[in-house]
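Notes follow once the structure below has been shown.
Coordinate-derived values only; no laboratory data. Keep in mind that this is a model prediction, so the values were computed, not measured. Cβ sites come from the backbone with ideal geometry, for glycine too, and all protein chains shown count toward neighbours.
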Amino acid sequence: LILSGITRDAIFKCAKDLGYEVVTKNISLPDAQSASEAFITSATACVMPVVKINNNQIGDGKPGKFVIALREEYIKQALQSAI
């Protein structure tokens, strides 16, 4: 389930600012489990790497370069816009 929200929109902007194309689509569980990187977003966790889905390791089992860069960009932009 993906809900539209402020954090999600901000994450999409950060990804675009980093030069990535953002595509939203439904994917199957096997597709998610075979991803090289995965993450979830929320207002409290910002960008949180996912390293396992149903005991299946995602990528090398560690947060990947994209997710780390995305999290850093999100925090940078959040701090710049803070009052």
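What to note about this one:
- Value of relative contact order over the chain, rounded to a whole percent, pairs C-alpha under 8 Å and six or more apart: 28 percent
- Between the helical axis of 6-17 and the longest alpha-carbon principal axis of the chain there is an angle of about 90 degrees.
- Given [x] 0.97; [y] 1.00; [z] 0.93, the label whose value is Rg/Rh (Cα atoms, Kirkwood Rh) derived from this model: [x]
- Taking Ile40, Ile58, Ile53 and counting other C-beta atoms within 10 Å, the order from fewest to most: Ile40, Ile53, Ile58
- Here the gap between Ala35 and Gln77, fully extended at 0.36 nm per residue and compared with their Cα-Cα distance, gives a gain of 12.5 nm.
- Close amide H pairs (under 5 Å, H built 1.01 Å from N) link Phe39 with Val50, residues at least 5 positions away or on another chain.
- Mean residue ellipticity (222 nm) of the chain, computed from DSSP H runs ≥ 4 via -39,500 (n - 2.57), nearest 500: -12500 deg cm²/dmol
- Long-range HN-HN contacts of Ile53 with modeled amide H, under 5 Å: Ile58
- Here the label points at Lys62 and Arg8, each 7 Å from Cα along the C-beta direction, are separated by 3.1 nm in the simple model.
- Mean Cβ neighbour count within 10 Å, used as a protection proxy, ranking 24-31, 44-51 highest first: 44-51, 24-31
- Principal-axis analysis of the Cα atoms of the chain puts helix 65-81 at an angle of about 20° to the longest axis.
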